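Contents: one structure, followed by commentary.
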Amino acid sequence: MAYLEKITPKNQGACVMVVLEANLRYKNIVQQLGKRIGPNAFREPYFASSIEEARRFLQDAFGVNYPSETAK
């Protein structure tokens, strides 16, 4: 975690991690520890249980726009 803190870019923003629902409690505990050791590396973490949930969160929270399926 200390290494991550050293290499964290100055412009790092939010990070959404997709984890199994069963691992969510463990990930939150590790995240709290990470905030103490590497506050910049663990500044804006979010968890989702699927890619779709992560996309919805990014759209709602940050206004991220994804290309439509027909544009592919």
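Side notes on the structure shown:
- For the range 19-32, the set of residues classified as surrounded by 12 or more Cβ atoms within 10 Å (Cβ to Cβ) and either charged (D, E, K, R) or in contact (Cβ under 8 Å) with a residue 24 or more places away in the chain (or both) consists of V19, L24, K27, listed by residue number.
- Residue in the range 20-29 that is touching a Ser or Thr at 6+ places or on another chain (Cβ under 8 Å) and at pLDDT 90 or above present: yes
- Candidate set: the range 33-54, residues that are without any contact (Cβ under 8 Å) to a residue 12 or more places away in the chain and under 23 Å from T8 (Cα atoms); chosen: the one surrounded by the fewest Cβ atoms within 10 Å (Cβ to Cβ): R36
- Among the residues of the range 57-67, those identified as in a helix (DSSP H, G or I) and over 20 Å from R25 (Cα atoms) are L58, Q59, D60, A61, F62.
- Test for Y66: is it loosely packed, with under 13 Cβ neighbours inside 10 Å and touching a Lys or Arg at 6+ places or on another chain (Cβ under 8 Å): yes
- If the condition is being of a type in the set (S, T, N, Q) and not in a helix (DSSP H, G or I), then the range 1-56 contributes T8, N11, Q12, N40, S49, S50.
- Residue within the range 39-49 that is touching a helix residue (DSSP H, G or I) at 6+ places or on another chain (Cβ under 9 Å), at pLDDT 90 or above and of a type in the set (S, T, N, Q) present: yes
The values are calculated or read from the model by the stated rules, or taken from the named source; none is laboratory data. A quick note: this is a predicted structure, and the numbers were derived from the prediction, not measured. Quick reminder, even Gly has a Cβ in these numbers, built from the backbone with ideal geometry, and neighbours come from all protein chains shown.
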